[in-house]
1. Look at F209 and say whether it is under 27 Å from the mean Cα position of the chain (by Cα), closer than 18 Å to V51 by Cβ and in contact (Cβ under 8 Å) with a residue 24 or more places away in the chain.
2. Give the residues of the stretch 234-271 that are in contact with a Gly (Cβ under 7 Å, 6 or more places away or on another chain) and modelled with pLDDT of 95 or more, sorted by residue number.
3. Go over the candidates L246, L237, L195 one by one and state the one that is of a type outside the set (G, A, S), closer than 19 Å to E39 by Cα and in contact with a Cys (Cβ under 8 Å, 6 or more places away or on another chain).
4. One residue is enough: does the stretch 78-97 have a residue meeting the conditions touching a residue at least 60 places away in the same chain (Cβ under 8 Å), at positive phi and not basic (K, R)?
5. Do we find a residue being in contact (Cβ under 8 Å) with a residue 12 or more places away in the chain and assigned to a loop (DSSP other than H, G, I, E, B) anywhere in the stretch 212-219?
6. Which numbered condition trips up T298, out of (1) in contact (Cβ under 8 Å) with a residue 12 or more places away in the chain; (2) of a type in the set (V, I, T); (3) assigned to a loop (DSSP other than H, G, I, E, B)?
7. Based on this model, can you work out whether G101 counts as at pLDDT below 95 and over 20 Å from the mean Cα position of the chain (by Cα)?
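The values are calculated or read from the model by the stated rules, or taken from the named source; none is laboratory data. As the structure is a computational prediction, the values presented were derived from the model and not from experiment. Glycine gets a Cβ as well: all are built from the backbone with ideal geometry, and neighbour counts include every protein chain shown.
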Amino acid sequence: MDGAASTVRNSAKILFIAVLVLATNTSAAELIASFTEDERTLILSHGPWPVKTYPDPSNRVSGNPVAIAFGEALFVSSELSIDRKRSCATCHLPEKAHTDGKPISVGRQLGKRNTMPLFNLRLNTWYGWDGKSDSLWAHSITPLLDPLELGMTSQGLQRRISETRALANSYRETFGHNVTAPDAETAMVNIAKALAAYQETIRSGKSEFDKFREALLERDPVGIAAYSASAQRGAKLFVGRARCDLCHFGPNFTSGEFDNINLPRPSQRDRVDDGRYGGILVLQRSRYNLLSSFNDDTELTTAGFTRHLKLTESSRGKFRIPSLRNVSKTAPYMHDGSMATLDQVVRHYSEIPENRFPQTDEKLLRPLRLTEEEISDLVMFLKTL
């Protein structure tokens, strides 16, 4: 019976390939051979997905199911805002890929930056467009205290949680003591760690690209052919002439670092955003960085990158190289939300000026001079991520 079923499956596969050949005048061998071995290797390096992650040693409740449930309740609770009118979920909407869909967000950055999505955060080293936080729990403190976001103080937050029975009970269950037991600052950090434990669970699923990559790995002509010809051409461009994967590499499609991509200079009346330079200043002065006593990794092994971080002039104007996973769902784009579509983003890199601002020694970026078809193919590829 198994042999008969196998024969039927093989016959169906042969029939499917034959239909493809007739419909596209392309042989199965050509479908596989459309990528060189170098291109195939580079494409395969963007997986497998999902990536296995481990609890954050700097956060003792990372990966704890009780803390995750508490963090999710905190994330959607308006009790965390001074006027009880907002929550974390107000600006990180699941239906908008955990962004707010707006060009710029509210907050102490004076409405200059786009709301970043919350997918796959456990893979990060730095957090925020400027990397001003070196842990997810530290980054979760910022909106709690920002007067333009949730607007709380550590004392107010401690009092609010203690007065809300469900949240107070969850805090006690998570940390083993009442929210009023530690000082207010420690209670606030604990709340941020529960929020981080929940946010770590927000992950993107397998994409159309991942299915194609698996087919390419197995040299499966049917699976490869199921991926559109335009997306295949876009994949060749991405790892080839366009050189996108020099910055957007690995399973998460990012180096996790920072670059200046020569966006237009702000008008003279607007203060120039220092980007990574300002982020390093904030991080080094923070009471909550990984070099602090709030790090649950008592040996501070998690603080290596922070300890050796240097402030340099070349950091000015650099912003996070974002992951491209779920990129079709996170418009508008760039740190300032200045580009509404992926087409605009690709055209920016196609036509980027040779004379970059500010001038640096960075040589990775150069105008790609893409054709209209190449722009369309690259956009199609990005949409499969």
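1. Values: under 27 Å from the mean Cα position of the chain (by Cα): yes; closer than 18 Å to V51 by Cβ: yes; in contact (Cβ under 8 Å) with a residue 24 or more places away in the chain: yes.
For F209, the condition - under 27 Å from the mean Cα position of the chain (by Cα), closer than 18 Å to V51 by Cβ and in contact (Cβ under 8 Å) with a residue 24 or more places away in the chain - is met.
2. Taking the stretch 234-271 and keeping what is in contact with a Gly (Cβ under 7 Å, 6 or more places away or on another chain), we get 251, 258, 260.
If the condition is that a residue be in contact with a Gly (Cβ under 7 Å, 6 or more places away or on another chain) and modelled with pLDDT of 95 or more, then P251, F258 are the ones that fit.
3. Just one listed residue meets the conditions, L237.
4. Scanning the stretch 78-97 turns up at least one residue that is touching a residue at least 60 places away in the same chain (Cβ under 8 Å), at positive phi and not basic (K, R).
5. Taking the stretch 212-219 as the starting set, the residues that turn out to be in contact (Cβ under 8 Å) with a residue 12 or more places away in the chain are 212-217, 219.
Checking the rest, the ones that are also assigned to a loop (DSSP other than H, G, I, E, B) come to 219.
The answer is yes; a qualifying residue exists.
6. Result: T298 fails condition (1) only.
7. Working: at pLDDT below 95: yes; over 20 Å from the mean Cα position of the chain (by Cα): no.
So G101 fails the test.
Residue-wise test of (1) outside the structural domain of R366 (by TED's automatic domain parsing); (2) within 24 Å of K132 (Cβ to Cβ); (3) touching a Cys at 6+ places or on another chain (Cβ under 8 Å).
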position	(1), (2), (3)
R307	yes, yes, no
E313	yes, yes, no
L324	no, yes, no
P332	no, yes, no
H335	no, yes, no
M339	no, yes, no
D343	no, no, no
V346	no, no, no
S350	no, no, no
